[in-house]
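What follows is one structure encoded as structure tokens, with my remarks underneath.
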Amino acid sequence: MPPVLLVDDDAAVRRTIARFLTFEGFIVVEASNGQEALTYLRTGAGASVILLDLRMPVMDGWTFRREQRLDPLLEHIPVVVLSGADADRFPELEAAAAFEKPVRMAQVAGAVRRLSAAPEP
């Protein structure tokens with residue numbers, strides 16, 4: 001199964017989420033902004049699910065999501081938004097799921113498992 005792509009500019013947040021998901025049996029690839037994530041995906045590397053923060057430098061989550069939806073090779077990858085801001089605008093992103101930070105990691109893992117069709121650990 002392709003890895004989970006975790007896109008967040010906060011290294012501590014990425015580390016915490018990555019550790020939890022790894023413990024839950026997922027392989028996690030990290031990117032610190034939307035541009036890094038697009039570069040990774042456009043090399044042909046896959047992702048089963050994208051966990052996406054919205055407010056990041058270089059390329060924010062809004063711009064990443066717009067670019068992803070315009071790319072026929074990437075538009076099918078489900079996105080889970082994890083953000084501490086703009087919760088009222090989550091529907092605009094047409095994400096498969098959205099959580100406002102702080103969020104319980106079990107909720108995130110459940111959404112990732114459901115969207116990636118991963119078996120229970």
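Among L73, L82, L54, the largest mean-square fluctuation in a Gaussian network model of the chain, built with springs joining Cα atoms closer than 10 Å, belongs to L73. Around the amide H of V4, modelled in the peptide plane, lie the amide H atoms of I27, V28, V29, S48, all under 5 Å away and 5 or more residues distant in sequence or on another chain. In percent, rounded to a whole number, the relative contact order of segment 4-116 is 25, using alpha-carbon pairs under 8 Å and six or more apart. Less than 14 Å Cβ to Cβ from L73, Lys/Arg counted +1 and Asp/Glu -1: what total charge do the surrounding residues give? Net local charge, L73 excluded: -1.
Within the chain, the proportion of Cα pairs with more than 24 Å between them is 15 percent.
Going from the fewest other Cβ atoms within 10 Å to the most, the residues D10, D88, D60 appear in the order D88, D10, D60. If the Kirkwood radius is taken over C-alpha pairs of segment 51-119, then at 25 °C and 0.890 mPa s the Stokes-Einstein diffusion coefficient equals 196 µm²/s.
Sorted fewest first by neighbouring Cβ atoms within 10 angstrom, M1, M56 come out as M1, M56. Centre-to-centre separation between the Cα atoms of segment 3-53 and those of segment 64-114: 12 Å.
What list do you get for F26, F90, F64 if you sort them by fewest beta carbons within 10 Å?
F90, F26, F64
Annotation: amide H-H contacts under 5 Å for F99 (H modelled 1.01 Å from N, sequence separation of 5 or more, or interchain): V81, L82, S83. On full extension, the segment bounded by E92 and M1 gains 29.9 nm, given 0.36 nm per residue less the C-alpha separation.
Any read-out appearing in this document is the output of simple, stated calculations on the displayed coordinates, not a laboratory observation. Just so it is clear, the structure is predicted and the values come from calculations on it, not from any experiment. Reconstructed Cβ throughout: ideal geometry from the backbone, glycine too, with neighbour counts over all protein chains shown.
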